[in-house]
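Input: a single structure, listed below in C-alpha cells.
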Amino acid sequence: MLRAYKYRIYPTDEQKVLFAKTFGCVRYVYNWGLEIRNKLYQEEKKSIGLVELTNKMDRELKKEQPFLSKVNAQSNQYALRQLNEAFQKFFKKKASYPTFKKKHNRQSFHNPQHCSVDFKRGVLNIPKAKNIKTVFHRKFKGDRIHDVTISKEKDGKYYASILVNTFEQPLPKKPVTEDTAIGIDTGLKTFVVCSNGEEFESAHFLKAEKRKLKLLGRKLSKKKKGSKAFNETKQKIAKVHSKVARKRLDYLHKITHRLT
C-alpha cells in the first residue's frame, strides 16, 4: 500500500540553488515536450510516444542545452512522463488539454530513486543533495521509499512529499447500516448540517485577513512590476493566502475526523 507523507524542509543556500536549477530544467523539458507534440500534430496529425520523446531528449536536447545534464537525469525523464500522463487524462476526458508550465507558479521535481531519510538526525537525502534539514513531525512505517517530490510554494516555503510502500493491507469495508450511516448537507450560512442534528459553522478565515490583504494589495499596485520590492510584496500576499489555505485544510480535517 502506497502512502504519501509531506514534510517541511529547510534547504541550505547551496541546496536552494540546486533546487532552482532543477525546477527550471524540468519545466524546460516539460514545455519542450509539449511544444514538440503540439507542432507534430498541427503539421502532420501525428503523435509521439514517451520512449521516443525521451530518446530525443537524451540524444538531441541535452547536446543543444548542456545545463540539463547538471541536474538529476531521472527528474528530467519524469517530467516527460508527467506530460504523457497529462495527455492520457485528456484523451480519457478526465482533464483539460495540457498547458505550458510557468516560472511563477508552484514549482516541483521528482526523484524516483536513491532517496533515504534519517529520522534521528532529521535529514532527507536525494540525488545530488544530501542532509536536507527536515521536520519529521511523524514517522512512517516501511523501509522502501517509492519516490520523493520536492516542491516550492508561492510563499517561498519548501516541502518534501515522500511516497512510501508501507506493505500494509487496506482494511475491509464494513457494511453500511442505519446506525453508522449519516446524511450530510453543505451550505453557505452553516458549513455542514448532519442528519443527526449536528452542525458545523462556517469559518471565515479569509475575512480575518481581508484588511491585511487590502493593505498589501495597495502597496503592490504602487511598486514597479518585476522589481525587488514588487516581488517581496507579492510573496507577502502569497504567505497570507497560504496561511488561510492551511487553516481551511485544518478545519476540514477536524470535521472529517469528527464525522468518521
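The values are calculated or read from the model by the stated rules, or taken from the named source; none is laboratory data. Just so you know, these numbers come straight off a predicted model, no measurement behind them. Don't worry about glycine lacking a Cβ; one is built from the backbone with ideal geometry, like all the others, and counts go over all protein chains shown. To get the accessible areas, we keep the full protein, side chains included, count just its heavy atoms, and leave off ligands, DNA and RNA. Shrake-Rupley method; radii C 1.70, N 1.55, O 1.52, S 1.80 Å.
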*Find all pairs meeting these conditions: Cβ atoms under 6 angstrom apart; at least six residues apart or on different chains; first residue within segment 79-92 and without any contact (Cβ under 8 Å) to a residue 12 or more places away in the chain; second residue part of a loop (DSSP other than H, G, I, E, B).*
K89/A95; F90/Y97
*How many residues are charged (D, E, K, R), surrounded by 15 or more Cβ atoms within 10 Å (Cβ to Cβ) and over 22 Å from the mean Cα position of the chain (by Cα) if we restrict to segment 59-104?*
1
*Which of (1) open to solvent by 40 Å² or more (accessible area, probe 1.4 Å); (2) β-branched (V, I, T); (3) in contact with a strand residue (DSSP E or B) (Cβ under 9 Å, 6 or more places away or on another chain) does V51 not meet, given it meets every other one?*
(3)
*Of the residues I36, I9, which is assigned to a strand (DSSP E or B), hydrophobic (A, V, I, L, M, F, W, C) and either surrounded by 13 or more Cβ atoms within 10 Å (Cβ to Cβ) or out of contact with any strand residue (DSSP E or B) (no Cβ under 8 Å at 6 or more places or on another chain) (or both)?*
I9
_Need pairs with beta-carbon distance below 6 Å; first residue under 24 Å from T149 (Cα atoms) and modelled with pLDDT of 90 or more and within segment 159-174, second loosely packed, with under 15 Cβ neighbours inside 10 Å and among the small types (G, A, S); sequence gap 6+ or separate chains._
S161/A4; L163/A4; V164/G142
*Look at K46 and say whether it is at pLDDT 95 or above, touching a helix residue (DSSP H, G or I) at 6+ places or on another chain (Cβ under 9 Å) and surrounded by fewer than 20 Cβ atoms within 10 Å (Cβ to Cβ).*
no
*Quick one: I48 ticks every box in (1) part of a helix (DSSP H, G or I); (2) in contact with a Lys or Arg (Cβ under 9 Å, 6 or more places away or on another chain); (3) over 30 Å from V123 (Cα atoms); (4) not small (G, A, S) bar one, so which box is it?*
(1)
